[in-house]
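Engineer: Quick one: the structure is below, questions incoming.
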Amino acid sequence: MQLVTGTLLHCLAKSPVELEYSPHTTLLIDDHGRIQAKGKLADLQKQYPKAQGFDYTDRLLIPGFLDTHIHFPQMDMIGAMEPSLLPWLEKHTFPTEVAYRGRSDLMLKAAHQFVDELLSNGTTLACVYSSSNHDVTDLLFEVFAQRGLRGIIGKTSMDRHAPQALLVPMADDLAQQSALLQRWHGFDQRLSLALTPRFAPSCTPELMRALGELHAQHPDTYIQTHYAENTGELLWIKELFPKAHDYLDVYEAFGLITGRTLLAHGIHVEADARQRLAQHQAIISHCPTSNLFLGSGLFAWKTMEEAGVPIALGTDVGAGTSFSLWQTMNEAYKVAALRGAAVQPIDLLAAATLKAAQALGLSDLGSLSVGYQADFQVLNVRTRPLLERRIKMANSAEEILAALIHLADDRCVESVWVNGKRLRST
Ligand code: GUN
Ligand code: ZN
């Protein structure tokens, strides 16, 4: 048993979601890493005199972030500037990913640094694309398992339109997916496999069909892919799949669109496709720092939300330029503002925490209410005097949250807890 005291700032699972700001509050964390009770420290100490105490008075306790879209190899190429997606993939991304193979010391170091970056930014669950190589993906799972971070991880499937060194023929890919599924899916209740067809141009129809079938056999796996990010990509899809009704139809036809599908981007989407996304309850992972960096377009948050499509946030490192979900939230705010329909601070926090968890079917993540997993970040705003000053001027919890969204970053993250265990502290 542990008693953790601080100021809670988190979303409550009500409809609509509510923001709770609760100073001087103690969480009682049970031996399974769940929040068992919440209250005043003195009362809980009396009831649980043997519980270990952690005093984060004057610090904020905020649920750990869910980064629903990030590429492991691409941390090596953040800021590789190209005018748009397709030349960026060809000139920078694919050559970088070729190096992510095998089980070397170099790859082990890279996997640890990747986890370090996620944790130091307050991320407690990441949906990750590895490279197309089995061994390095296996190693990445292993490092997540060792370090205690939550992961929905996939070996990126690709069997066409990329350098030979990245292509894995269908039969080999399926055998490797099965091996990863057996070894890691459900491991310690913290890791899951995501079947990861990179995007339709990288996969033959046969490979996509086979991955759809594999998902049907194991419906609790996730599926992640890219969708409707860039206009050049859309033209290519028309050329490759002339009979498809639209881009979404390509994936639907192979059984790849379900309530466990995460689609990165979803910028250029017609009303008809929005409706079908909502029917499937497929999730859009909105990645604003990436969309701005590659000039991909401005995601229509409100239009997508009004259609009933679940929206989560992703950093999309390395097209994305930051591991920080704070930075991602503030860019999402600006993108929505440019679309003429600004989102509220609570919408942003919910998309980075509670709503992302709910959309992924993880109903005990993303909030600091009783019964939830003790996954949280401890923020010390004194590390950023401007933020501290701005928060002192705030008149409401919403205003505090807005200040954090626009000014907080990894310098504020003092420690990170997952499943009741402190994984990182400064
Ligand atoms: N579409 C296909 N692959 C990728 C990728 O690695 N990053 C982004 N942003 N879009 C993609
Ligand atoms: Zn991506």
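The values are calculated or read from the model by the stated rules, or taken from the named source; none is laboratory data. Since the model is a prediction, treat every value here as computed from it, not as a measurement. Because the Cβ atoms are built from the backbone with ideal geometry, glycine has one as well, and the counts that use them run over all protein chains shown. What goes into the accessible areas is simple: the full protein's heavy atoms, side chains included, and nothing from ligands, DNA or RNA. Shrake-Rupley method; radii C 1.70, N 1.55, O 1.52, S 1.80 Å.
Engineer: If you check LEU207, LEU277, which single one turns out to be touching an Asp or Glu at 6+ places or on another chain (Cβ under 8 Å), open to solvent by less than 10 Å² (accessible area, probe 1.4 Å), without any contact (Cβ under 8 Å) to a residue 60 or more places away in the chain and outside any loop (DSSP other than H, G, I, E, B)?
Structural biologist: Numbers: LEU277 fails: touching an Asp or Glu at 6+ places or on another chain (Cβ under 8 Å).
The match here is LEU207.
Engineer: Report yes if GLN176 is away from ligand 2 (no atom under 16 Å from the Cβ), more than 23 Å from TRP236 (Cα to Cα) and in contact (Cβ under 8 Å) with a residue 24 or more places away in the chain, otherwise no. I'd like the intermediate steps shown before the answer.
Structural biologist: Details: away from ligand 2 (no atom under 16 Å from the Cβ): yes; more than 23 Å from TRP236 (Cα to Cα): yes; in contact (Cβ under 8 Å) with a residue 24 or more places away in the chain: yes.
When the stated conditions are applied, GLN176 passes them.
Engineer: Hey, among GLY295, GLY308, GLY340, which residue is in a loop (DSSP other than H, G, I, E, B), within 16 Å of ligand 2 (Cβ to nearest atom) and open to solvent by 20 Å² or more (accessible area, probe 1.4 Å)?
Structural biologist: Working: GLY308 fails: within 16 Å of ligand 2 (Cβ to nearest atom); GLY340 fails: within 16 Å of ligand 2 (Cβ to nearest atom).
Of GLY295, GLY308, GLY340, the one residue that is in a loop (DSSP other than H, G, I, E, B), within 16 Å of ligand 2 (Cβ to nearest atom) and open to solvent by 20 Å² or more (accessible area, probe 1.4 Å) is GLY295.
Engineer: Does SER285 satisfy the condition of being in contact with a His (Cβ under 7 Å, 6 or more places away or on another chain), outside any loop (DSSP other than H, G, I, E, B), within 16 Å of ligand 1 (Cβ to nearest atom) and in contact (Cβ under 8 Å) with a residue 24 or more places away in the chain?
Structural biologist: Details: in contact with a His (Cβ under 7 Å, 6 or more places away or on another chain): yes; outside any loop (DSSP other than H, G, I, E, B): yes; within 16 Å of ligand 1 (Cβ to nearest atom): yes; in contact (Cβ under 8 Å) with a residue 24 or more places away in the chain: yes.
Yes; evaluated as a whole, the condition is true for this residue.
Engineer: THR321 is checked against (1) within 16 Å of ligand 1 (Cβ to nearest atom); (2) of a type in the set (Val, Ile, Thr); (3) surrounded by 23 or more Cβ atoms within 10 Å (Cβ to Cβ) and fails just one. What number does that condition carry?
Structural biologist: It is condition (3) that THR321 fails.
Engineer: Moving to a separate point now. Might you let me know whether region 77-84 holds any residue that is in a helix (DSSP H, G or I) and either touching a residue at least 24 places away in the same chain (Cβ under 8 Å) or crowded, with 22+ Cβ neighbours inside 10 Å (or both)? If you could, list the steps in order and put the result at the bottom.
Structural biologist: Residues of region 77-84 in a helix (DSSP H, G or I): 77.
Within this subset, residues satisfying the condition of being either touching a residue at least 24 places away in the same chain (Cβ under 8 Å) or crowded, with 22+ Cβ neighbours inside 10 Å (or both) are 77.
Yes, that holds for at least one residue.
Engineer: Could you tell me which residue of region 381-400 is surrounded by the most Cβ atoms within 10 Å (Cβ to Cβ), considering only residues that are part of a loop (DSSP other than H, G, I, E, B) and without any contact (Cβ under 8 Å) to a residue 12 or more places away in the chain?
Structural biologist: As a first pass, look at region 381-400 and keep what is part of a loop (DSSP other than H, G, I, E, B): 384, 393-396.
Subsequent filtering for residues that are without any contact (Cβ under 8 Å) to a residue 12 or more places away in the chain retains 393-396.
Details: MET393: 9, ALA394: 14, ASN395: 7, SER396: 11.
Only one residue fits best here, namely ALA394.
Engineer: While we're on this one: Within region 23-41, identify whether any single residue is more than 30 Å from TYR372 (Cβ to Cβ) and in a loop (DSSP other than H, G, I, E, B), and answer yes or no. I'd like the intermediate steps shown before the answer.
Structural biologist: Here is the first cut: in region 23-41, the residues more than 30 Å from TYR372 (Cβ to Cβ) are none.
Looking for residues that are more than 30 Å from TYR372 (Cβ to Cβ) and in a loop (DSSP other than H, G, I, E, B), one finds none in region 23-41, hence no.
Engineer: Quick check on this structure: which one of LEU348, LEU360, LEU325, LEU386 is away from ligand 2 (no atom under 15 Å from the Cβ), farther than 30 Å from GLY420 by Cβ and modelled with pLDDT of 95 or more?
Structural biologist: Details: LEU348 fails: farther than 30 Å from GLY420 by Cβ; LEU360 fails: farther than 30 Å from GLY420 by Cβ; LEU325 fails: farther than 30 Å from GLY420 by Cβ.
When all the criteria are applied, what remains is LEU386.
Engineer: Which of the residues that make up region 45-76 are open to solvent by 40 Å² or more (accessible area, probe 1.4 Å) and either outside any strand (DSSP E or B) or within 16 Å of ligand 1 (Cβ to nearest atom) (or both)?
Structural biologist: Those that are open to solvent by 40 Å² or more (accessible area, probe 1.4 Å) and either outside any strand (DSSP E or B) or within 16 Å of ligand 1 (Cβ to nearest atom) (or both): GLN45, LYS46, GLN47, TYR48, PRO49, LYS50, ASP76.
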